[in-house]
Amino acid sequence: MNERVIRGRIDRAGALVSADAPLLRLQQRAGAGLDKPLALPHLARLVTLAQRLHRDISRPLYAADDHSDIHALVRITPDADGASLEITDWRTRPLAQPQIPAIGEGTAMPRSWTWECDQQLRIVALRAAPDAPPIPTGWEARSLSELFELQPDDDGRFPVLRALARQSRFDGQRVQASDIAMTLSGEALFDATGRFTGFRGLAVAVDAPTSSDTKPGGALVDPVFGSLPLSDPQFGRRIDGALRGPLSRIIATAETISGQFDGPIRADYARYAGDIAHAGRHLLGLVDDLADLQNIERPGFKAAADEIDLGDLARRAVGLLGMKAEEKGIRIDAPRTDDKAPATGEFRRVLQVLLNLLGNAIRYSPDDSQIWIRVDREGDRAMVTVADQGQGIDAEQQAVVFEKFERLGRTDSGGSGLGLYIARRLARAMDGDLTVDSAPGQGARFTLSLPARDVA
Amino acid sequence: MTESVSSPGIDPPSPTLSARLRELADYLAAPTAGRLTEEQRALSLGIARRLVVDLAARLDPEIDPAALWAEWLRGGLPCASRLAGICFARAEEHRWREQSAQRTSPPPLLSEPDASSIETPTIGETPSEVERAYLTLQIADRRRFDSLGNPSLAAPDIDEEVFRALLLDIAAWRLAEVSQDRARASKLGDAVRVATEQQTREMGITRAGVAFYNALGATLPDAAAGAIGRHDWPTLIALAAACHRRDYDDMALALLTAETAALPSLLAPLRLDHAALAPLEASLAMLPARAVGGADYGDARLAERGQ
């Protein structure tokens, strides 16, 4: 460790106004000198960062010298007239093979496009590998999010937007481009001054939809919707494609505004944008419900028979929605870890049902109330019950609560009215059932029962 | 040059020997001149191949580009002298940009919670004329790469005569390969005409550079200085080419082969102050094996002294 401290001083305009010999030599070898803008891109970026944050920062520093790389630690203290630099642990290392640009032999992938955009996410290059789907015409200068319809990840986030904010690489951004599902990855690009100049990366076509999704289906007339063929897979796909893209774009743009990636805006505007993103996610949830509906109403739909434990699944549901309950001061009394209810059902689908029940309970419970989740067994049925202290539902309402789009007269933006219908259909597809027991003013108890499983 | 090495009565037994004798004769004619490095050869050959393959596909999708290229590699490229200049210019430009990018790419900044407040890209704003022109220039530049990021030549960037001659060479090869039938010949002739007309319609980097130059107006010196500061060499070359009313490739070669002392006068129309040229001079000075007379001579003398 070299304990010597190398000092320097940057003025308000970003010029190096004084420097100890090693730093000055480096600056000179980079083609600049004293009273010239800092010619060391990484250091210049760090100085800019410290000045933006108005606080000291300490970071590793990397700089390229003629025949070696410099690795050091730098502490930058911004002030009204510029910034002071203190560099320690100055080490020279042999020149490492520099990062090869993202587009290269090593990154070539089958069925992929290579793309590049500028810092405003406008496409400046798009090329297809020989076996890739043809690229759309008129891509030049279009916005990345226009050419590739961004899809949120499982957490409802957009990796490319996060990368834009952090100016870093990203991958796993799901997109839809000209009816082709693709995954986008990219490296952040910087120019010699350290300014972010865009992304360059790959768009790889993901596998075609599974065969069950692509089976042509007849236009099954839905008893509720009459001639609206909701159960027709073709219709389902069309509505999915038609809504998901624009909604994703709305959410992405609203999150961009809400995250203030374009610079600070008024707090209430940022909040409105957050509301738009929230509403967009809600609508996306409705699209998911419709897709689910289409799936479970397909003739021959059958859930898998996994060996599950309702106690374990209930605890997982609590883990996922616990934060939401906390926001309203709701306490959830979940099954203890030794409360087990072995059953047979499809893991993913049972969790979906429990999340729906618990989500409803949180949504319709008063603040600072309590929700109970109990597991039990009666004969050959394993059961899990979610009980809340909400306003409850009367007998008449209980008769229709599992109908499609039944929201019991509620008009808030809480749900689609499909959740309980889907939940019951799923329960029955697993040879189980979903029932409700409630009285006005006494909360509601929803019970999911499934075939019990005997454990040796 | 070929005649001087073919002694009467001696028939070179192979193209390899013939080529080596030509190379030796060239060397003896100018022993102190710098030679192509393997990298320069490989880059230029790759650029030529990608161009030939691209044009063959434009001419007739049924042409087997691998067979065409293999045959031309064996027998020599019929358009060798025409291709040499443009391929070498593109290869040298690419070497320069690669070196610059490798030396200046900063590592990604470590994760910083407040990083969303730095570098604020704007999305969705209507771009100004200058921004649009710069974007068009960037797109024209990126067209000069293949899908793997290898350097290539875009059709609109090639001199019309060279472009047409190369198309005719490819058409002749295709005709010889399939048949001499008149209908096919006329179809290929039509294809050459269509490809040539299409080429004149497309916007290459030279024209994109002129449009950017015109859009800049009085801000030209700032834009050029900014390009140098960012090591944005294609923008600098395009602006210089527009000033001199030269093709982009010509200008690139002029810059890349210029003595350091000649740079200020070469870039005088950009109205840059001398200090702004420093990063350019430094970057060019670091590029090895540049085809600069003085530098090569110096290298050769050092080599002779065994240093």
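Where a number appears in this text, it was derived from the coordinates with a stated rule and is not lab data. These figures come from a predicted structure and were not determined experimentally. Cβ atoms come from the backbone with ideal geometry, glycine included; neighbour counts cover every protein chain shown.
Some observations on this one:
- Under-5 Å amide H pairs with residue A:57, H placed in peptide plane, nonlocal only: A:76
- If you sort the three axes of the alpha carbon gyration tensor as a ≥ b ≥ c, you get a/c of 1.5 or more for the range B:204-274 and a/b no higher than b/c, which makes it oblate.
- Chain lengthening between residue A:370 and residue A:88 when straightened (0.36 nm per residue, less Cα-Cα): 95.9 nm
- Calculated FRET value between residue B:286 and residue A:80, using beta carbons and R₀ = 35 Å, to 0.05: 0.40
- Label-point separation in nm, residue A:5 to residue A:28, each point 7 Å along Cα→Cβ: 2.5 nm
- Inter-label distance, nm, simple model (7 Å from Cα along the C-beta direction), residue B:27/residue A:146: 5.7 nm
- Global form of the range A:306-451, assessed from the alpha-carbon gyration tensor, a/c cut-off 1.5: oblate
- Over all other residues within a Cβ to Cβ distance under 12 Å of residue A:368, the charged ones net out to -1, with Lys and Arg as +1 and Asp and Glu as -1.
- At an R0 of 25 angstrom, the distance between the Cβ atoms of residue A:297 and residue A:399 translates into a FRET efficiency of 0.75.
- Here residue B:260 and residue B:57 are evaluated by their C-beta separation; at R0 = 41 Å the FRET efficiency comes out at 0.50.
- Were the residues from residue B:162 through residue B:194 laid out at 0.36 nm apart, the gain over their Cα-Cα distance would be 10.0 nm.
- Charge tally in the Cβ shell below 15 Å around residue A:439, where Lys, Arg are +1 and Asp, Glu are -1, residue A:439 excluded: -3
- Ratio of the Cα radius of gyration of the range A:99-208 to 2.2 N^0.38 Å, where N counts its residues: 1.00
- The label point for residue A:271 and the one for residue B:73, both projected 7 Å from the Cα toward the Cβ, are 6.8 nm apart.
- Radius 14 Å from Cβ of residue A:385, net charge of other residues (Lys, Arg +1; Asp, Glu -1): -3
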